[in-house]
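Take a look at the structure set out below.
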Amino acid sequence: MEPFHTIKSPGKYWLVDQLKKDGISKELYETSLNVLVKEWKSKEYGFISVLLEETSEAVLLDEGFKKVSTIVEYTRTLDNIEEHAFPIRWNNLSEGRLTDQDYASLYERCRSGSANKNKKQPIEEVMNSIKSELGPAWRDFCYSFTYEGETCGISIPHIEEGTTDEGRMFYFGVVPEMRGRGLGASMHLASLFLLKEKNATYYVGSTDTSNQAMIDIFIKNGCTLRDRKGIYRLEKKRK
């Protein structure tokens, strides 16, 4: 039973997320985190970013981490998500309507002006992370959405690694010129439907506490608050 999920890009970054599981005590989380941080410090460079319950943040602050922001996690079951007349259309990248570079550029547009405070990775590293985490069929998970022929955003719904039915979105975003029109809620609901088609039985999503627009979308689409975590970051340069 692993207490943390870690994505590693050696020499560049580690992304660490605390997994909420029954039977793991606060002490075990903190002990495991200490071991993980010491391992990173002993052999890695770049940065390590950790999502962690704020009650345990002293473990990281004592190791020199800086607190970036706070995120909230929302969840909902997907048993009653049904297909209906969505006002938007979608295609995944494997269908060939967009090139990989087109999708990367669209991703960059979607995160422009974001209310999230976490430091952005270069888009090349983001795309490499998608390929690494989602595997050879990664294009099947990368969706773009259109409304009346205009591109309105992207979503990357997938099953969380290490589970068989936990739905996540690697990223979800609306292009700046289409924000404020209610399309984000429709895109998100459609993404929940796509997760159900991928055999997810429940969904977990997160956003920065400052991103009220995304929080409103969670609530509108029937999600409930599950957790609150801090984002902590430590950088280390090669000598």
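The values are calculated or read from the model by the stated rules, or taken from the named source; none is laboratory data. As the structure is a computational prediction, the values presented were derived from the model and not from experiment. In this analysis, Cβ positions are derived from the backbone assuming ideal geometry, glycine residues included, and neighbour counts consider all displayed protein chains.
Here are a few things to note about the model shown:
- Taking the criterion of being in contact with a helix residue (DSSP H, G or I) (Cβ under 9 Å, 6 or more places away or on another chain), more than 10 Å from TYR107 (Cα to Cα) and among the polar types (S, T, N, Q), the only residue of the range 140-155 that qualifies is THR151.
Per-residue answers, yes or no, for (1) touching a Ser or Thr at 6+ places or on another chain (Cβ under 9 Å); (2) under 30 Å from PHE65 (Cα atoms); (3) of a type in the set (D, E, K, R):
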{"residue": "GLU108", "(1), (2), (3)": "no, yes, yes"}
{"residue": "ILE123", "(1), (2), (3)": "yes, yes, no"}
{"residue": "GLY135", "(1), (2), (3)": "no, no, no"}
{"residue": "CYS152", "(1), (2), (3)": "yes, no, no"}
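- Take the conditions (1) polar (S, T, N, Q); (2) within 16 Å of the chain's Cα centre (by Cα); (3) farther than 17 Å from THR6 by Cα; SER132 misses just one of them, which is (3).
- Subset tally (residues that are without any contact (Cβ under 8 Å) to a residue 40 or more places away in the chain and assigned to a loop (DSSP other than H, G, I, E, B)) for the range 212-226: 0
- Here the condition is being assigned by TED's automatic domain parsing to the domain that holds ILE81 and farther than 24 Å from HIS84 by Cβ; of GLU177, GLU150, it holds for GLU177 alone.
- Qualifying positions in the range 53-92 - free of Cβ contacts under 8 Å to residues at least 60 places away in the same chain and in a strand (DSSP E or B): ARG89, ASN91, ASN92
- Cβ pairs under 6 Å, 6+ apart, first in the range 115-129 and surrounded by fewer than 16 Cβ atoms within 10 Å (Cβ to Cβ), second outside any helix (DSSP H, G or I) and of a type in the set (S, T, N, Q): ALA115/SER210; ALA115/ASN211; LYS117/SER69
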